[in-house]
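The values are calculated or read from the model by the stated rules, or taken from the named source; none is laboratory data. Because the structure is a prediction, the values reported are computed rather than measured. So basically every Cβ, Gly included, is an ideal-geometry build from the backbone, and we count neighbours across all protein chains shown.
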Amino acid sequence: MAQTGDPTGTGSGGSDLPDMAAEFNELPHLRGVVSAARATDVNSANSQFFIMLAPRFSLDGEYTAFGRVVSGMQYVDTIERGEPPANPARILQASMGTDKLPPPAPGQAPASVGPAKAPQAADRAVVKPQ
């Protein structure tokens, strides 16, 4: 899996918002499924999430799956592996398909990121909520 969403960059942080209660469902943890990461407490999901790179059915009923990548999985596959990775990938913009936000224009980073080089508009994975 590829995990991200820690605002501290340490892999153990979360946002200032309250944790979320688990919402287990029938969506299996197949390649491309997006699920809420959490600590040992099943009701501790906060800002971190993971995208499945391969099926892992042992996670079913243990983690809240809430979406799936419907296009751009080839870009997810380029995320460097490792714990922690030597060169971690950086999210420039994250949104759900239901938000109907446009992707960043080619060569432009989202306003919240600053002058960092943004990927081309096609270099993105699209997640569909489930």
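Search the stretch 72-107 for residues being of a type in the set (Gly, Ala, Ser) and within 17 Å of Met1 (Cα to Cα), and hand back the single one that is modelled with the highest pLDDT. Ranking the qualifying residues of the stretch 72-107, first place goes to Gly72. All conditions but one from (1) without any contact (Cβ under 8 Å) to a residue 60 or more places away in the chain; (2) closer than 14 Å to Thr4 by Cα apply to Pro28; the one that does not is (2).
Here's the yes/no breakdown for (1) exposed (fewer than 14 other Cβ atoms within 10 Å of the Cβ); (2) more than 15 Å from Leu30 (Cβ to Cβ):
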| residue | (1), (2) |
| --- | --- |
| Gly61 | no, no |
| Gly67 | no, no |
| Met73 | no, no |
| Val76 | no, no |
| Ile79 | no, yes |
| Pro84 | yes, yes |
| Ala89 | yes, yes |
| Leu92 | no, yes |
| Asp99 | yes, yes |
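Considering the stretch 1-85, the qualifying strands (runs of 3 or more DSSP E), each wholly inside and each with 2 or more residues that are closer than 21 Å to Thr98 by Cα and of a type in the set (A, V, I, L, M, F, W, C), run over 33-36, 49-51, 65-71.
Residues in the stretch 39-48: is at least one over 17 Å from Met1 (Cα atoms) and modelled with pLDDT under 80?
No: the stretch 39-48 contains no residue that is over 17 Å from Met1 (Cα atoms) and modelled with pLDDT under 80.
Looking across the stretch 43-59, just one residue is buried (at least 18 other Cβ atoms within 10 Å of the Cβ) and among the hydroxyl-bearing types (Ser, Thr, Tyr), and that is Ser47.
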